[in-house]
């Protein structure tokens, strides 16, 4: 059966149906649109009739993200922590991810759209790259770590930043 999904191009992960499961409950559990779940499983002839032991493809939502970038949820992440990490408001993160039916319930492996904030008073937006540190960014843009921190209060005292994080750089 796994071979079938690989041949059919399951863009997600496998789930084995448990007693009491319905397509609706599975869609809700994994924050997946019900119609998307049904269409990802053409081998299920009647979506109202699934059985324990059946293998389903749970599609991973890859949102469109024209004004930002895609972030894959890690263990321990919450929408609030992700919003804080990338210096965006929680409402704007939620608004950029309408595929998330319950913002209090996200899972590792889910893809979220991180909108890049459009304004950076007194500077410009830089997206941190793998290996970047505040010090290396300060050197690159001829500024100081302290000046960057003043424009980015979301950066913790440890100066920990992440690849993909939007950082306001002073001019």
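In region 30-39, of all residues being touching a helix residue (DSSP H, G or I) at 6+ places or on another chain (Cβ under 9 Å) and part of a loop (DSSP other than H, G, I, E, B), the one that is surrounded by the fewest Cβ atoms within 10 Å (Cβ to Cβ) corresponds to 33. The residue of region 130-161 that is modelled with the highest pLDDT, among those that are exposed (fewer than 13 other Cβ atoms within 10 Å of the Cβ) and under 23 Å from residue 68 (Cβ atoms), is 140.
When residue 98 is tested against the conditions (1) buried (at least 19 other Cβ atoms within 10 Å of the Cβ); (2) closer than 17 Å to residue 31 by Cα; (3) out of contact with any strand residue (DSSP E or B) (no Cβ under 8 Å at 6 or more places or on another chain), the lone failure is (1).
The values are calculated or read from the model by the stated rules, or taken from the named source; none is laboratory data. All of these numbers come straight from a predicted model, not from anything done at the bench. Cβ sites come from the backbone with ideal geometry, for glycine too, and all protein chains shown count toward neighbours.
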